[in-house]
Amino acid sequence: MEDTNQLIEQRKANLAELNELGVQPFENKITPTISCQGACAKYEAGELNDESEVIIAGRMTAHRDMGKSQFIDVKDGSGRIQVFANKKIIGDDAFKVVKCLDLGDFIGVKGLMFTTKMGEISVKAQEVTVVSKALRPMPAKWEGLSDTETRYRQRYLDLIANDEVKDTFLKRSAIIREIRNFLQQRGFVEVETPMMQNIPGGAAATPFVTHHNSLGCDFYMRIALELYLKRLLVGGIDKVFEIGRNFRNEGLSRRHNPEFTMLEAYEAYGDYESMMELLQGMVCHIANEVLDTLIIEHKNADGEVTKTIDLTPPWRRVRYKDLVKEKAGDDWFDLSPDDRRERALEELKLQGDIEAECEDFEVTNAVFEKLIEPTLIQPTFVTHVPKELVPLAKTAPDDSSAVEVFECCINGQEIAPAYSEQNNPVEQRERLEHQAGEEQQKLDDDFLVALEHGMPPAGGIGIGIDRLCMMLLGQESIRDVILFPQLRPKS
RNA sequence: GGGUUGGUAGCUCAAUGGUAGAGCAGCGGCCUUUUAAGCCGUUGGUUCUCGGUUCGAGUCCGAGCCAGCCUACCA
């Protein structure tokens with residue numbers, strides 16, 4: 001962007017004038033003795049008084065010019081503090097420097113703490129150091145920045161202008177920190193596995209392709225973490241997890257970003273039920289630590305509460321088939337496949353969602369995904385999922401058509417699936433071969449060889465971190481919990 | 001990919017087919033305790049791009065670009 005305009009020219013003129021005054025903004029350096037928020041808090045607590053000298057630093061976000069006095073808002077990562085700059089106190093030359101400041105500049109201020117006549121805790125400036133000059137104007141302070149495209153493409157402006165956006169991302173960071181704390185306290189080992197893979201396995205999704213020059217071959221960006229983490233179970237890391245990016249070459253939407261963050265965790269000698277305890281405990285731990293509550297309220301633009309999610313355990317458990325019968329009729333599973341299809345199309349109005357070539361289980365699953373999942377706002381473990389949907393799980397002992405799996409739905413979205421992991425290499429090979437169909441090159445034989453060396457029985461879980469954040473932070477778009485969501489490149 | 005809504009000053013937004021505007025920010029002036037400071041004055045535009053219709057287009061038509069929402073693939 002080589003664009004120039006009057007506002008930029010004026011700022012450059014101010015920079016030139018600073019240079020003439022002997023100030024080299026980008027060469028200056030300052031070491032703050034305290035944060036803006038810290039200075040306010042300590043003064044309020046009586047730990048600092050009117051004799052206390054402090055050095056604060058931050059971005060100038062507002063100023064009120066009173067002629068021979070200026071009030072300047074300075075903001076750092078901790079918060080805001082007001083600076084009082086008076087011509088007589090700091091001297092004529094220094095006051096000329098203050099006059100050259102523009103909103104957005106980074107400055108350091110040395111001075112004494114005091115309270116203004118209006119009762120605001122402030123720093124009475126003795127010295128002002130310009131440490132970075134902003135050559136472009138900031139978004140307007142009052143309106144903020146609302147243009148979504150600018151907010152996503154230039155997220156730094158969004159973070160400067162909208163405190164609640166910054167808060168959301170700080171909380172996202174805290175959520176991930178608490179996930180690590182929770183798992184590490186329970187003896188889980190964090191690992192890193194390849195993002196560039198020969199065969200992209202562990203999920204049914206279209207991968208991105210990339211190329212390695214010196215090896216002379218293509219690689220796929222991973223679509224799941226699963227198969228490598230299971231190799232580690234084989235290798236004797238009994239409790240293992242990874243938090244990392246997955247890449248799927250599919251459409252973008254309110255709920256989908258091409259790269260998204262997954263947590264996968266595996267526990268030897270666990271099963272899908274121990275994973276329920278793990279997930280429920282983890283989410284409640286996060287909510288308590290980060291939000292200090294188990295009641296999550298989602299609000300609309302007007303601040304009205306649109307839904308309330310209660311995370312208080314124990315969470316509801318219900319079988320997939322029971323939910324389907326509730327919605328589609330008690331006799332649903334007694335019908336012939338043709339009758340089921342007809343009921344789905346006619347009575348349940350799923351015309352747009354069921355293709356002619358859909359198999360029978362896909363018809364039932366359309367009922368689940370379209371009519372049931374969106375209604376599961378409160379935490380719900382959906383268990384005994386049809387085996388066709390999950391090729392990597394163990395068959396349920398009391399229902400041979402289902403697998404030992406739960407899908408945890410919260411906020412109308414699937415947040416986490418978990419399995420009793422399939423560790424029978426013969427059965428696993430058959431299932432994967434069947435799933436690969438004609439595309440046998442997609443079969444990860446190396447993984448199957450690993451299983452043949454013996455994998456302990458294990459419970460495994462995958463959690464979509466972005467969606468978890470959406471649910472916990474009350475965001476309706478995945479783009480509002482990802483700092484730099486994928487957009488089409490400009491120009 | 002399909003449908004739909006939108007793109008105007010740095011920001012937030014106006015403008016029946018008839019001189020492109022306001023608030024904030026900026027710039028100049030006044031002001032030594034302000035809080036979205038105030039008062040006076042004032043600069044600032046490829047109306048997303050390219051074509052078309054018209055005496056005349058920000059506005060109507062066509063194509064394209066970018067984005068939001070819905071939808072599809074999927075988590």
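The values are calculated or read from the model by the stated rules, or taken from the named source; none is laboratory data. Treat the numbers as computed from the prediction; the structure is a model and nothing was measured. A quick note on method: Cβ atoms are made from the backbone with ideal geometry, for glycine too, and the neighbour counts reach across all protein chains shown.
The table below lists the values:
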{"item": "Every residue from the stretch A:24-42 that is within 16 Å of RNA strand B (Cβ to nearest atom) and within 21 Å of A:R136 (Cα to Cα)", "result": "A:P25"}
{"item": "A:A265 vs. criteria within 27 Å of A:M195 (Cα to Cα), in the same structural domain as A:I243 (by TED's automatic domain parsing) and either within 16 Å of RNA strand B (Cβ to nearest atom) or touching a residue at least 24 places away in the same chain (Cβ under 8 Å) (or both)", "result": "yes"}
{"item": "In the stretch A:445-485, the residues that are more than 16 Å from RNA strand B (Cβ to nearest atom) and assigned to a helix (DSSP H, G or I)", "result": "A:D445, A:D446, A:F447, A:L448, A:V449, A:A450, A:L451, A:E452"}
{"item": "Residue list for the stretch A:154-182, filter: modelled with pLDDT under 95, touching a helix residue (DSSP H, G or I) at 6+ places or on another chain (Cβ under 6 Å) and among the hydrophobic types (A, V, I, L, M, F, W, C)", "result": "A:L159, A:V165"}
{"item": "Residue in the stretch A:107-118 that is closer than 16 Å to A:T61 by Cβ and either buried (at least 22 other Cβ atoms within 10 Å of the Cβ) or not assigned by TED's automatic domain parsing to the domain that holds A:N28 (or both) present", "result": "yes"}
{"item": "The lone exception for A:R488 - which of (1) out of contact with any helix residue (DSSP H, G or I) (no Cβ under 9 Å at 6 or more places or on another chain); (2) under 29 Å from A:A287 (Cβ atoms); (3) in a loop (DSSP other than H, G, I, E, B) it fails", "result": "(2)"}
{"item": "Segments classed as strands (runs of 3 or more DSSP E), wholly inside the stretch A:212-300, with at least 1 members that are in contact with a helix residue (DSSP H, G or I) (Cβ under 9 Å, 6 or more places away or on another chain), at pLDDT 95 or above and within 16 Å of A:M470 (Cα to Cα)", "result": "A:259-268, A:295-299"}
{"item": "Residue match in the stretch A:382-391 (condition: of a type outside the set (D, E, K, R), buried (at least 18 other Cβ atoms within 10 Å of the Cβ), in the same structural domain as A:G202 (by TED's automatic domain parsing) and without any contact (Cβ under 8 Å) to a residue 40 or more places away in the chain)", "result": "yes"}
{"item": "Every residue from the stretch A:301-321 that is assigned to a strand (DSSP E or B) and in contact (Cβ under 8 Å) with a residue 12 or more places away in the chain", "result": "A:K307, A:T308, A:I309, A:D310, A:R316, A:R317, A:V318, A:R319"}
{"item": "Which numbered condition A:F182 fails, given (1) farther than 30 Å from A:G79 by Cα; (2) in contact with a His (Cβ under 7 Å, 6 or more places away or on another chain); (3) not aliphatic (A, V, I, L, M)", "result": "(1)"}
{"item": "Tabulated pairs, the stretch A:246-259, first closer than 13 Å to A:A224 by Cα, second near RNA strand B (Cβ under 7 Å from one of its atoms) and in a loop (DSSP other than H, G, I, E, B), C-beta under 6 angstrom, 6+ apart or interchain", "result": "A:R248/A:A205; A:N249/A:T206"}
{"item": "Count - residues of the stretch A:310-356 that are within 16 Å of RNA strand B (Cβ to nearest atom), more than 31 Å from the chain's Cα centre (by Cα) and surrounded by 13 or more Cβ atoms within 10 Å (Cβ to Cβ)", "result": "6"}
{"item": "Answer from A:K325, A:K307 - the residue that is of a type outside the set (G, A, S), modelled with pLDDT under 95 and under 30 Å from A:D360 (Cβ atoms)", "result": "A:K325"}
{"item": "Pairs where the first residue, in the stretch A:470-491, is of a type in the set (G, A, S) and the second is near RNA strand B (Cβ under 8 Å from one of its atoms), C-beta under 6 Å, 6+ apart", "result": "A:S477/A:R254"}
{"item": "Residue satisfying all of: in the stretch A:49-94; in contact (Cβ under 8 Å) with a residue 24 or more places away in the chain and of a type in the set (D, E); farthest from A:V123 (Cα to Cα) among these", "result": "A:D93"}
{"item": "Strands (runs of 3 or more DSSP E) (entirely within the stretch A:49-156) containing at least 2 residues that are within 12 Å of RNA strand B (Cβ to nearest atom) and among the small types (G, A, S)", "result": "A:121-132"}
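One line per residue, one yes/no per condition, for (1) over 20 Å from the mean Cα position of the chain (by Cα); (2) surrounded by 15 or more Cβ atoms within 10 Å (Cβ to Cβ):
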| position | (1), (2) |
| --- | --- |
| A:D158 | no, yes |
| A:K171 | no, yes |
| A:V189 | yes, no |
| A:Q197 | yes, yes |
| A:I223 | no, yes |
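So that you can scan it fast, the table gives a plain yes or no per residue for (1) hydrophobic (A, V, I, L, M, F, W, C); (2) surrounded by fewer than 22 Cβ atoms within 10 Å (Cβ to Cβ); (3) in contact (Cβ under 8 Å) with a residue 24 or more places away in the chain; (4) under 30 Å from A:R255 (Cα atoms):
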site: A:V403; (1), (2), (3), (4): yes, no, no, yes
site: A:E414; (1), (2), (3), (4): no, yes, yes, yes
site: A:R429; (1), (2), (3), (4): no, yes, no, no
site: A:M455; (1), (2), (3), (4): yes, no, yes, no
